[in-house]
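Worksheet: one structure, shown below.
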Amino acid sequence: MPELTHIKTPAGIAPAYGYSHVVWGEGRFVAVSGQLSLDENGDVVGLNDPMAQARQVFANVRRCLNEAGATFDDVVKFTFFVTDMRVMPAVREARDACINPDRPPACTAVQVYSLVHPELYLEVEAFAITPTWRL
């Protein structure tokens with residue numbers, strides 16, 4: 001696990017559920033482009049099912065992290081792009097199945113008008129820092 005510092009609630013900032021306001025560390029920076037609920041053939045997974053889509057998205061993020069020699073423990077920041085804020089409980093549940101809830105990454109959620117495919121609810125990008133000893 002990288003040497004990451006997680007500050008869930010800095011002085012003077014309102015507490016938040018499920019994420020840290022600040023995360024930092026030293027190592028190799030890894031950026032994962034926004035991942036969608038698509039399988040390896042580019043087909044939508046979980047049509048009309050926000051939970052199935054969220055699980056597929058985080059599975060895809062995991063695959064991308066693994067290609068860089070990283071894990072969810074290395075993630076310092078997620079950005080969630082959702083077409084409807086009502087899917088956020090599914091997003092949080094799928095995320096929480098992947099991360100250590102005692103050391104959550106920083107997170108931002110943004111509602112957007114549409115994603116590249118209109119049947120998609122969610123896109124997730126991730127930033128991670130891997131320890132240099134893994135290089």
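Scan segment 94-135 residue by residue and report those that are part of a helix (DSSP H, G or I) and either among the acidic types (D, E) or closer than 20 Å to T9 by Cα (or both).
Passing the criteria: R95, D96.
Any residue in segment 37-47 that is at pLDDT 95 or above, out of contact with any Phe, Trp or Tyr (no Cβ under 7 Å at 6 or more places or on another chain) and under 15 Å from E125 (Cβ atoms)?
Yes, segment 37-47 contains a residue that is at pLDDT 95 or above, out of contact with any Phe, Trp or Tyr (no Cβ under 7 Å at 6 or more places or on another chain) and under 15 Å from E125 (Cβ atoms).
Can you list the strands (runs of 3 or more DSSP E) lying wholly within segment 1-93 that have 1 or more residues being basic (K, R) and open to solvent by 30 Å² or more (accessible area, probe 1.4 Å)?
28-35, 75-82
Just to be sure I understand, how many residues within segment 64-92 are within 23 Å of L4 (Cα to Cα) and out of contact with any Ser or Thr (no Cβ under 8 Å at 6 or more places or on another chain)?
Summing the residues that are within 23 Å of L4 (Cα to Cα) and out of contact with any Ser or Thr (no Cβ under 8 Å at 6 or more places or on another chain) in segment 64-92 gives 8.
In segment 35-48, how many residues are touching a Ser or Thr at 6+ places or on another chain (Cβ under 8 Å) and in contact (Cβ under 8 Å) with a residue 12 or more places away in the chain?
Here the count works out to 1.
Do we have any residue at all in segment 115-129 that's farther than 26 Å from D43 by Cα and under 16 Å from the mean Cα position of the chain (by Cα)?
Yes, because at least one residue in segment 115-129 is farther than 26 Å from D43 by Cα and under 16 Å from the mean Cα position of the chain (by Cα).
Restricting attention to segment 111-125, does a residue exist that is open to solvent by 10 Å² or more (accessible area, probe 1.4 Å), in contact with a helix residue (DSSP H, G or I) (Cβ under 6 Å, 6 or more places away or on another chain) and of a type outside the set (D, E, K, R)?
Checked segment 111-125: at least one residue is open to solvent by 10 Å² or more (accessible area, probe 1.4 Å), in contact with a helix residue (DSSP H, G or I) (Cβ under 6 Å, 6 or more places away or on another chain) and of a type outside the set (D, E, K, R).
The values are calculated or read from the model by the stated rules, or taken from the named source; none is laboratory data. Everything numeric in this text was worked out from a predicted model, so none of it was measured. In this analysis, Cβ positions are derived from the backbone assuming ideal geometry, glycine residues included, and neighbour counts consider all displayed protein chains. What goes into the accessible areas is simple: the full protein's heavy atoms, side chains included, and nothing from ligands, DNA or RNA. Shrake-Rupley method; radii C 1.70, N 1.55, O 1.52, S 1.80 Å.
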